[in-house]
Each structure stands twice: as C-alpha cells, then as structure tokens.
Amino acid sequence: MSLPEDEERLLPLAQRWPRASKFLLSGCAATVAELATFPLDLTKTRLQMQGEAALARLGDSARESAPYRGMVRTALGIVQEEGFLKLWQGVTPAIYRHIVYSGGRMVTYEHLREVVFGKSEDKHYPLWKSVIGGMMAGVVGQFLANPTDLVKVQMQMEGKRKLEGKPLRFRGVHHAFAKILSEGGIRGLWAGWVPNIQRAALVNMGDLTTYDTVKHYLVLNTPLEDNIMTHGLSRGLLYKSSTDCLIQAVQGEGFMSLYKGFLPSWLRMTPWSLVFWLTYEKIREMSGVSPF
C-alpha cells in the first residue's frame, strides 16, 4: 500500500529511493577501499605489462631478459623513478570504475536476493541462490563498468610510457574517454568485456556469496549480533581477443607469465574486501538503511 504524497516526502531519502541510496552508499565504501589499496593494483598492472613493454622494445631477445623486478622492487621503483604520489596514478578512473561496478553489483545482488529469489520465512537463503545471484551481480556490475575499467588500465600505464621516452597519450581521464571513443566508437569502450565479466562472475561468486552466507549464518546460528565483529569475520588493444591475448602471453613470455601480478592482486583483495564491507555496513547503519 503506497503512502500519501505528503507523508512520503517526510520519509528519509534512503526509504524514498532505496536502490539509488544503496548504489551511492556502496560507491562511497568502494571509494574508501580503492584509495586504501590502489598502490597494490598499480603494482600488479605494472608487473603484468613489463613483459609486453620488453617484447615491444627488444624483440625476441627479451624472452631471456624480461625486466621482472618483483612486487616490492616494482613498487619501490615507481616511488624512486616517478615519485610517491605516482602510486595513485590512475586512481580517479579507478574510483569511477568502482562506483559503477560496486553500485551495480550490490544493487543487483540485493534485488535478486530480496525480490527475484526471495528468502524463506526464517530468513534462510540457500547457498545455490547466493552463488547464482553473486555471479549475475558480477556480470551486470562489470559490464556497466567496463569503459571505466579500460580507462583505468590505460591511465596506469602513462607513467611507464613516460619513462620509455614515449609521448603521453592522454591529458586526463575525460580526454582518455574521448580518445578511446573517437578511435574505437562505443564498442571500443567495451574492449575486453568478455574475459572481464567472466572474471567478475567468479570473483563475486566468491566475495558476495561468502560474505552473505557467512554473515547470516553467524547472525542466525551464533550469539554474535549484526555488528562490526561479525562483518569482519565474514569478511588493451594489443590483442584481437582474450584467446589471442592468452596465446601471445604464453608464446612470448612462457606459461608462468599468466600469473604475473598474482601476489599483489591477492594481497590487495583481502584488505580491499575488508575495508569495503566494514565501511559499507557502517555507512548503511549511519544512513538508516537496513544491514546488508
């Protein structure tokens, strides 16, 4: 039953526009998490691109002498060669990306959980529903965010181009968007979207499914309440396609090149998820929105 218009205007914004509010709140939490962990993401990207840069510069001889420096030395190299603040180079499009990505995936997951699949009367939510919901939420969130994801990676590599004596391609985030759009059209903004959504589906199957399942299990089956303790416990254009990327990477740098950047990526995911979920639950509580 809908409320009279006058009474509806008196409701808090979170109750008047629940989905928009959850989108914005998840975007705020993602921004905090991104700022806290972005240097690890930049280090991961630089590690993954070192082999490509060497192959382009040195040709076949680079296969024996690729300039891999490891995670710590790569991060220190960025600080020494480019400056401390360059550890956050590309953070603006990364924030844009996570506002869209996190907002899209969180709103999609909650809509599927509350409306499409629905919980049982005892608030139990079967694991299989959570798995499907998490994967679908990841697909939707990543598809919406693919243009910002593309710009983020392109911006992160500008420092590398500068060190190699190459001219910078972009003057800023908006120029990068405009240039990619002018060169590749609308489709160019979704370059690489297929492997991206495949990865996002698996990541969110792990992240959303684990957090949602563990948190509600703890709340329903232990003396723990829905508080910060429970929240903490739950806790390019170089390739024709993703297949072509895989083949070139293995041929040019060996099978283990597929795992370059794994350590900083893995190290980043844990603190990112922890910061995101703690922040997200707290700002939901402060905004009068029910817990996740």
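A few remarks follow.
- Low-density loop positions, trypsin sites (Lys or Arg not before Pro), segment 98-187 - DSSP coil, at most 15 other Cβ in 10 Å: Lys119, Lys123, Arg169, Arg171
- Solvent exposure of segment 96-196, expressed per residue, is 51 Å² of accessible area, with all protein chains present and a 1.4 angstrom probe.
The values are calculated or read from the model by the stated rules, or taken from the named source; none is laboratory data. The structure presented is a predicted model; accordingly, all values stated were derived computationally and were not measured. So basically every Cβ, Gly included, is an ideal-geometry build from the backbone, and we count neighbours across all protein chains shown. Protein only, heavy atoms only, side chains kept; ligands, DNA and RNA dropped before computing areas. Shrake-Rupley method; radii C 1.70, N 1.55, O 1.52, S 1.80 Å.
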